[in-house]
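> The structure's right below; bear with me while I get my questions together.
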Amino acid sequence: MGMKLPDSGFWKDRNVFITGHTGFKGAWLSVFLRKLGANVYGYALKPDTMPSLYHECNIDSMVSSTIADVRDISKLKEALIKAEPSIVIHLAAQPLVRRSYREPLHTIETNILGTVNLFESVRSIDTVKAVINVTTDKCYKNDQGVTSLTEDDELGGYDPYSGSKACSEILTSTYRNSFFNITDYEKHGVAIASARAGNVIGGGDWSEDRLIPDIIRAIDRSEDILLRNPDAVRPWQHVLEPLTGYLLLAENLVYNGQEFSGPWNFGSDEYDTKNVLWIAEKLLSEIGNSSTNIFIDGNYNPHETMMLKLNSSKAVSKLGWEPKWDIVKSLQSIADFVDCFNKGGDILEQLNSQISDYLN
């Protein structure tokens, strides 16, 4: 079976509400949804990087945007009521592990209270048919085994970020059971799912303390690349992989909510699970800078999981989703983006052409 792709007939003129639309994934999703013909409503803080994909693509001009905090329930509820969405995709989060060590309270408030505020707001709106809470592969109590994690594996969280996302998952289940129970689906008509993706990469990520942006910054400045955890293994995937998964999931939630409510993994193929050193060497060879070398950071660094693998067989069998771009193609697309950005090219055009390439 070939991989299913989002149905533009389904998305055309549909009202979609995204929290976190000013972030890296949110900006890509906004462009993707506009390409499919959806009416996009965004709710988020201002972008926290300079440059940002949100500004480079002028996303403000293509979505109806509310700049506000998910911790502010009255503003969130007001924006949702105004948008009258049928689908809500919740991306707003403090998404960085190392920052969560520096700012545990902010991380926990944003990732836990933000989720509760969203579900509380959805309860008072009758247009919503589907909600997807986007969490992470780090929500699992990972015992560092080499087996791939399935949706039924135990939740946990070593660091404040991972713990907050595990809590967000539990609360998603709590709200689904208490207020949007599938046994009463005919009454409320709202399907609730969560989505757990791997290490998402792609052009336009300028975050701090993330491997690919750090490597690109070092190459741009002709500085050496310092790797904290060269042997850490991650399920790398291009940002379009999980986004396609979320869109397919949303379609199925609207059509058949009882069957598709619950948690979903969207991970990479087994052979795209590479260590950090491999990624750094490959990206350096793609972008190229003879004065940049790779060094290993010998200093103490906060705990980060060494091995993460997701089992996505549920999404493959039930949604018809499967990874499409391998790690080499994904890194090439990042190199293309960097080249376009450095030459002052049209960044929105670059995203649209990569989305077209992916959909074909």
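Every number here is computed from the coordinates shown, using simple stated rules; none is lab data. If you're wondering where the values come from, they're calculated on a predicted model, not measured in any experiment. All Cβ positions, even for glycine, are placed from backbone atoms using ideal geometry, and neighbour counts span all protein chains on display.
> Pop a pseudo-label 7 angstrom from the Cα along the beta-carbon direction at both residue 185 and residue 113 and give the gap in nm to one decimal.
Modelled inter-label distance: 3.4 nm.
> Given a cut-off of under 8 Å on Cα pairs at least six residues apart, what relative contact order in percent is computed for the chain?
Reported as a whole number, the value is 19 percent.
> Related question: Near the amide H of residue 15, under 5 Å away, which other amide H atoms are found, from residues 5 or more places off or on another chain, if H is placed in the peptide plane?
39, 86
> Right, here's the next one. Roughly how many nanometres apart are two label points built 7 Å out from the Cα toward the Cβ at residue 349 and residue 258?
5.1
> Give me the percent relative contact order of region 199-238, please, defined on Cα pairs under 8 angstrom at least 6 residues apart.
55
> For a quick protection proxy, order the peptides 3-9, 194-200, 272-278 by their average other-Cβ count within 10 Å, most packed first.
On the way: 3-9: 14.0, 194-200: 24.9, 272-278: 18.3.
Ranking the peptides 3-9, 194-200, 272-278 by packing returns 194-200, 272-278, 3-9.
> Another one. Convex hull over the alpha-carbon atoms of the chain: what's its volume per residue in Å³?
Per residue, the Cα convex hull of the chain comes to 126 Å³.
> Considering the convex hull of the alpha carbon atoms of region 214-287, report its projected area averaged over all viewing directions, in nm², one decimal.
Working: hull surface 26.3 nm².
The number I arrive at for region 214-287 is 6.6 nm².
> Moving on to the next point. Give me the mean projected area, in nm² to one decimal, of the convex hull enclosing the Cα positions of region 204-337.
The number I arrive at for region 204-337 is 9.1 nm².
> Here is a follow-up. Who wins for biggest fluctuation among 342, 58, 311 in a Gaussian network model of the chain, springs between alpha carbons below 10 Å?
Looking only at 342, 58, 311, the biggest GNM fluctuation is shown by 342.
> Helix 73-83 against the longest principal axis of the chain: what's the angle in degrees, Cα atoms only, rounded to the nearest 10?
So the inclination is approximately 80 degrees.
> Determine, at each q value in 0.24 (inverse angstroms), the log₁₀ of I(q)/I(0) that the Debye formula gives when each Cα of region 180-253 is one equal point scatterer.
Log-scaled intensity ratios, in q order: -1.13.
> Go from 0 up to the bin containing the longest alpha carbon distance in region 131-232, width 5 Å each, and give me the % of pairs per bin.
2, 10, 15, 16, 16, 14, 10, 7, 4, 3, 2, 1, 0
> Can you tell me the order of 104-112, 27-35 when each peptide is scored by its average per-residue count of other Cβ atoms within 10 angstrom, highest first?
Answer by packing, highest mean first, reads 27-35, 104-112.
> How much of the DSSP beta bridge set in the chain is antiparallel, as a percent to the nearest 5?
Details: 4 of 39 bridges.
Close to 10 percent.
> Can you give the translational diffusion coefficient of region 49-205 in µm²/s, computed by Stokes-Einstein from the Kirkwood radius over Cα pairs at 25 °C and 0.890 mPa s?
145
> In whole Hz, what ³J(HN,Hα) sequence does region 171-184 give by Karplus (6.51, -1.76, 1.60; θ = phi - 60°), x for Gly and Pro?
Listing the rounded values in order: 5, 4, 5, 4, 5, 4, 5, 7, 10, 10, 5, 5, 6, 9 Hz.
> Turning to a different aspect of this structure: Can you find, among 293, 273, 319, the residue farthest towards the positive end of the dipole of region 235-342? Put +1 on the C-beta of Lys and Arg, -1 on that of Asp and Glu.
319
> Right, here's the next one. Return the sequence-ordered ³J(HN,Hα) values of region 270-280 in whole Hz as given by the Karplus equation 6.51 cos²θ - 1.76 cosθ + 1.60 applied to θ = phi - 60°, using x for Gly and Pro.
Per-residue couplings from phi come out as 3, 6, 9, 7, 10, 7, 4, 4, 4, 4, 4 Hz.
> Now for a different question. Under a GNM of the chain (C-alpha, springs under 10 Å), which listed residue has the highest mean-square fluctuation: 120, 78, 322?
Among 120, 78, 322, the largest mean-square fluctuation in the Gaussian network model of the chain belongs to 78.
> Would you kindly derive the ³J(HN,Hα) couplings of region 127-132 from the backbone phi angles with the Karplus curve 6.51 cos²θ - 1.76 cosθ + 1.60 (θ = phi - 60°), listing them in order in whole Hz, with x for Gly and Pro?
7, 6, 10, 8, 10, 10
> While we're looking at this one, here's another question. If amide H atoms are built 1.01 Å from N in the plane of the peptide, which residues on other chains or at least 5 residues away come under 5 Å of the amide H of residue 149?
Sorted by chain and number, the residues that satisfy this are 309, 310, 311.
> If you don't mind, there's one more thing I want to ask. How big is the gap, in Å, between the Cα center of region 36-56 and the Cα center of region 152-209?
21
> Are there GluC sites (Glu not before Pro) in region 122-211 that DSSP puts in a loop and that have at most 15 other Cβ atoms within 10 Å, and which ones?
Values: sites: 151, 154, 169, 186, 208; in loops: 151, 154, 208.
The qualifying sites are 154, 208.
> Sticking with this one: Using +1 at the C-beta of Lys and Arg and -1 at the C-beta of Asp and Glu, which of 150, 166, 188 has the Cα lying farthest in the positive direction of the dipole of region 102-188?
188
> Based on the Cα atoms of region 1-96, what semi-axes does the equivalent ellipsoid have, where each is the square root of 5 times one gyration tensor eigenvalue, given in whole Å with the largest first?
On the way: eigenvalues 93, 56, 30 Å².
Ellipsoid half-lengths, sorted descending, are 22, 17, 12 Å.
> Here's a follow-up. Could you pull out every residue, at least 5 positions away or on a different chain, whose amide H is within less than 5 Å of the one on residue 155? Hs are placed 1.01 Å off N in the peptide plane, and Pro or chain starts have none.
141
> Which order do peptides 218-229, 83-94 fall in by mean Cβ count within 10 Å, highest first?
Most protected by this proxy first, the peptides run 83-94, 218-229.
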